[in-house]
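What follows is one structure encoded as structure tokens, with my remarks underneath.
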Amino acid sequence: MANLAAALARRGRSVLAIDVDLEGANLHTCLGVPSPRASLADFVAHREEDLAKLVVDTPLRHLRLIAATQGHLGAAQPSHVRRERLLQAIHRIPADFVFLDLGAGTHSAVVDYFLAADEGVIVLSPEPTSIENAYSFLRAAFYRRMREALESRAVRRLLAQAMDQRNERGIRTPLDLLREIQALDPAEGARFVAALQHFRPRLVVNEARTSEDIKLGFAVRSVCKKYFGIDAEYLGYVNHDEAARRSMIARRPLVDSHPTADAAVYLTRIAAKLADPRRSSVSGSRGGSA
Amino acid sequence: MKPIGEQNHYELLEIPREADAAEIERAYRMTQAAYASDSLAIYSVFGDEDALGMRERIELAYEVLSDPDRRRAYDGSLDGHLPAPAPADLAFELERQRPARNEPKPLASLPLAGFDDLEAEAGSTVYDGAGLRRARMRRGLELEQIAHVTKINPTYLRFLEEERFDDLPASVYVRGFVGAYARCCGLDLRAVVPSYMERFEAGRVARTRSRQGHPF
């Protein structure tokens, strides 16, 4: 995440990185800002209403940060209303790209940030735990997006039943659900399909060591299509690289400290794909526990 | 956007109707691997039975599409049976109306897998060890496979990638290794060999000099 933001900043675009992972904040460390003077927690706790005042510079040109810092133990996730305010405020801060660093898990706050972004990036590691978390997250995001799209109460009830894995109607995949909805209410079916088409998460495979790991991205994309009926785009992979660890210890983004390292080259490529002019804000979610 | 049970052979393999034999072959291998019983990608989504069902469908799709006669007959049946979509089939209707995106060749575009665009953008003509490895991984090759084809000791191939120049044999051998490696990965020998050898010679000279400077 830090690296994708840094890679775009190195291309001369103005980038704002925001750490919305209040419980596991560390983006400031990755970007070399050891003790940021302001924190998103101040906005969440109503201590500061002007989000722009929380923006701090980083050692990298064109890259600014809204950090989340410790010292606020028990900092709760912001309420739904507060999240809405935050998202509105983010749109008012001038930047070519805004990156939201999301925490792990399927908390509604994480899902909301993910869905609010123009691009949602899910990072997978080639491990069962990471894959399982990624699908749990996708499922949560999928149903939340659909709930937003649907209007009729009966259909939303059907959706709630489908979310319960032990449902009695025999709805097993989101595509089975589509059939049920179409039978119940064709107009809602059309809304469901339209929402599906706008739900296009991006995939990145991290820590790739073998060509099998690289192919995992294509396989997951196929499963997304077959199971969820959604088009996920495989943006690329980042190989396992010892240089990444060294740069982490040096508290600098790899693309800045070791721009010619393998992993930095891959990261820069992924950033270039994201920098497509039609896109503007990006949020990242980790499928893994790292 | 159809349930798996309603997908035709092309949709199942995620290839366009006009896919050629090589595309079908690649798509088959990719999907077969994706839904293999030990595949990571289906973990926690497809149960054993579902995955088995998928594999059987994929087998059938491949059997039909890889046989020109059976494929022709199947295409005919698709064209004949493909009705004007019933009004209730909204998903299908919308799928048809959706403007063609420039990526409906998902699995089929392997081995270059859609990453070659950025490769070209980077305009890199310098082939160092990492560049060789990237080319190999894009091809989906393991070092052992290259070793098997070229009969070169895999350890030396690894040294090539890691640029452990001092552990490699004399330059005339290395030149041969690089050439064979490049050929396996479908790279242009005339670009790769001089580029890599330049690094190799420079790397070795530097080492030799520093060794001379420190007699102990």
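For this structure, a couple of remarks:
- Residues located in region B:135-144, provided they are touching a residue at least 12 places away in the same chain (Cβ under 8 Å) and under 14 Å from the mean Cα position of the chain (by Cα): B:ALA135, B:ARG136, B:ARG138, B:ARG139, B:GLY140, B:LEU141
- Residue check for B:GLU18: more than 11 Å from chain A (Cβ to nearest Cβ), farther than 24 Å from A:LEU178 by Cα and outside any helix (DSSP H, G or I): yes
- Flag for B:GLU142 being at pLDDT 50 or above, among the acidic types (Asp, Glu) and assigned by TED's automatic domain parsing to the domain that holds B:LEU189: yes
- Output for region A:51-89, where each listed residue is among the small types (Gly, Ala, Ser) and modelled with pLDDT of 85 or more: A:ALA52, A:ALA67, A:ALA68, A:SER79, A:ALA89
- Positions within region A:239-267 being under 20 Å from A:GLU119 (Cβ atoms) and either of a type in the set (Gly, Ala, Ser) or touching a residue at least 60 places away in the same chain (Cβ under 8 Å) (or both), in sequence order: A:PRO253, A:VAL255, A:LEU267
- Hey, A:LEU51 under 24 Å from A:SER108 (Cα atoms) and hydrophobic (A, V, I, L, M, F, W, C) or not: yes
- Residue that is nearest to A:GLU212 (Cα to Cα) [pool: residues in region B:159-180 that are out of contact with any Lys or Arg (no Cβ under 8 Å at 6 or more places or on another chain), assigned to a helix (DSSP H, G or I) and not hydrophobic (A, V, I, L, M, F, W, C)]: B:GLU162
- Residue tally, condition more than 8 Å from chain B (Cβ to nearest Cβ) and either buried (at least 22 other Cβ atoms within 10 Å of the Cβ) or acidic (Asp, Glu) (or both), over region A:233-243: 5
- Selection count, region B:38-84, where residues are within 14 Å of chain A (Cβ to nearest Cβ) and not in a helix (DSSP H, G or I): 7
Yes/no matrix, rows are residues, columns are (1) at pLDDT 90 or above; (2) among the small types (Gly, Ala, Ser); (3) in contact with a Lys or Arg (Cβ under 7 Å, 6 or more places away or on another chain):
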{"site": "A:PHE99", "(1), (2), (3)": "yes, no, no"}
{"site": "A:GLY105", "(1), (2), (3)": "no, yes, no"}
{"site": "A:ALA109", "(1), (2), (3)": "no, yes, yes"}
{"site": "A:GLU127", "(1), (2), (3)": "yes, no, no"}
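Conditions tested, residue by residue: (1) within 7 Å of another protein chain (Cβ to nearest Cβ); (2) among the basic types (Lys, Arg).
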position	(1), (2)
A:ARG200	no, yes
A:VAL204	no, no
A:PHE218	yes, no
A:CYS224	no, no
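- B:THR31 fulfils the conditions (1) buried (at least 18 other Cβ atoms within 10 Å of the Cβ); (2) outside any helix (DSSP H, G or I) except for a single criterion, (2).
- Every condition in (1) more than 8 Å from chain B (Cβ to nearest Cβ); (2) over 28 Å from A:CYS30 (Cβ atoms) holds for A:PRO186 except the one numbered (1).
- Index of the failed condition, A:LEU196 passing every other in (1) closer than 24 Å to B:TYR28 by Cα; (2) crowded, with 20+ Cβ neighbours inside 10 Å; (3) modelled with pLDDT under 90; (4) facing another protein chain (nearest Cβ under 8 Å): (1)
- Any hit, region A:221-235, residues being aromatic (Phe, Trp, Tyr), farther than 28 Å from B:ARG158 by Cα and in a helix (DSSP H, G or I): yes
- Taking region A:7-23 as the range and being part of a strand (DSSP E or B), among the aliphatic types (A, V, I, L, M) and either more than 17 Å from A:ALA275 (Cα to Cα) or in contact with a helix residue (DSSP H, G or I) (Cβ under 6 Å, 6 or more places away or on another chain) (or both) as the test, the residues that pass are A:VAL15, A:ALA17, A:ILE18.
- Residue check for A:ALA160: among the small types (Gly, Ala, Ser), facing chain B (nearest Cβ under 10 Å) and over 30 Å from A:GLU242 (Cα atoms): no
- For A:ARG269: the one exception among (1) within 26 Å of A:ARG144 (Cα to Cα); (2) facing another protein chain (nearest Cβ under 10 Å): (1)
- Looking only at residues of region A:15-65 that are over 21 Å from the mean Cα position of the chain (by Cα) and β-branched (Val, Ile, Thr), we find that the one that is surrounded by the most Cβ atoms within 10 Å (Cβ to Cβ) is A:THR58.
The values are calculated or read from the model by the stated rules, or taken from the named source; none is laboratory data. All values derive from a computational prediction rather than experimental measurement. Cβ atoms come from the backbone with ideal geometry, glycine included; neighbour counts cover every protein chain shown.
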